[in-house]
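Okay, structure first, notes after.
None of the figures in this text is laboratory data; all of them are computed from the coordinates on show. In this text the structure is predicted, and so the values were computed from the model without any measurement. We place every Cβ from the backbone using ideal geometry, glycine too, and count neighbours over all the protein chains shown.
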Amino acid sequence: MTNTRRLVFPALLAAGVLWGTTVPLSKVALGWLPPGWLAFGRFALAAAVLLVASRSRLRAAASPAILVTGAIGYGGSVLLQNLGIERTSVTHAALLIGATPVMVAIIAAALRHSVARPLAWSGFALSLAGVGLIAGGQGSASSLGGDALVLAAQLISAGFTVSQARLLRGRDPIAVTGLQLAAAAVAVLPIALVTEHHAAGPGTMTSLLATIGLVLAGTVLPTSLFAFGQSRVSADVAGAFLNLEPLVGAIMGIALFAEPAGPVQVAGGAAITVGIGLSSFQVVRRERRRFASQDRADAAALAMATAAPAVASAAHGVASAAHGVASAAHGVASAAHGVASVEPAAVAVGTEPALPGTGAAAPVMSAAGEAPSMVKRTRFPKKRPADAARLRRPRFGPSAQRAHPFSRSRRERNRRGRARHR
């Protein structure tokens, strides 16, 4: 796998574990802040951190769909979850959150985004049975109304998880998450102003630290990590890691809040745990196979890119050799043309006596103006009578001057000129 793909599953795993702390931390923070104001403060502070971190990429990530889904998906689900946690136990709320992956798989299959395998569906059904056991067996500090609000919140969260796969495509996950949390804070603020006019109780150091932990460890980190992983895997694969949230929340509820775990809760938790294992194993193994096939394709492409220069060099060598062969062929053709341009030996019409010391007869001219035999013929111009007379004239001495046709006339002109000056 590449470095980015290696980080996908650790990011989703860390997001599931960190989200498991949100239910216990919310229970403590609700001791001094009402549900609406807690949701607003949580989203506003987390959005401020993420918007500053991704300020250079906000323009590319902003869209109306991002803002609407953030207001409903984060704002609506967390507000209902806070209202439900206020009315039920931490263990109940945490285990009921285990229904989220089942809802994600059902919604994804209904919208034809992805379809889980039969083994995964059996795990989802077992998790739903465990949720039914927990909701039916009421324990201390729990109520049916609170459980219903938590389930409604998880239904909204499941639809939001499925829609995120399309919204995150081609966008920066940190910038998208910051914009969605800001939209959620804006959507929750009017509800908090209208319905909640005072604090739920006096603020303590424990509740303040729980609120800070809820903002950082329960919102900023898990939402960013989950958005990063969800942008690279399908919705049902990302939803499988949400199964860690109920386990972590239930363990913290029993350990920190001393909530009793009766046989019904234990049976329901065991059913949810086994269902988590069945559903998660199937989808994670499928995604790992897909990553492995992509890695093999990337390795093959890299090998081809690495071998391309060698292939190009070999092709250049072949082209150079072909050019050399073509040059040699051109030379042979030129030689053949030169041989063809030499005329055959002229037929001798007579011979001279044999040369001394040789037994061969000297070649004679076959005709006037032609070259000897075995030599390329050269045509010399024929001599004209005027040229012959000119060549016979003497070229030196007084006779040559007198013989020149222009000598007498020149002397006469000179004589007349001298006489005219006198």
Margin query: If you take every residue apart from Leu30 with its C-beta less than 14 Å away from the C-beta of Leu30, what net charge results, scoring Lys and Arg +1 and Asp and Glu -1?
Written below: +1
Next item on the list: Please order Ser26, Ser313, Ser143, Ser207 by the number of other Cβ within 10 Å, starting at the fewest.
Entry: Ser313, Ser143, Ser207, Ser26
Note to self: Tell me the relative contact order for region 1-127 as a rounded percent, counting alpha carbon contacts under 8 Å between residues six or more apart.
What the structure shows: 28
Next item on the list: Quick one: check the C-alpha center-to-center distance for region 36-54 versus region 156-233, whole angstrom.
Entry: 7
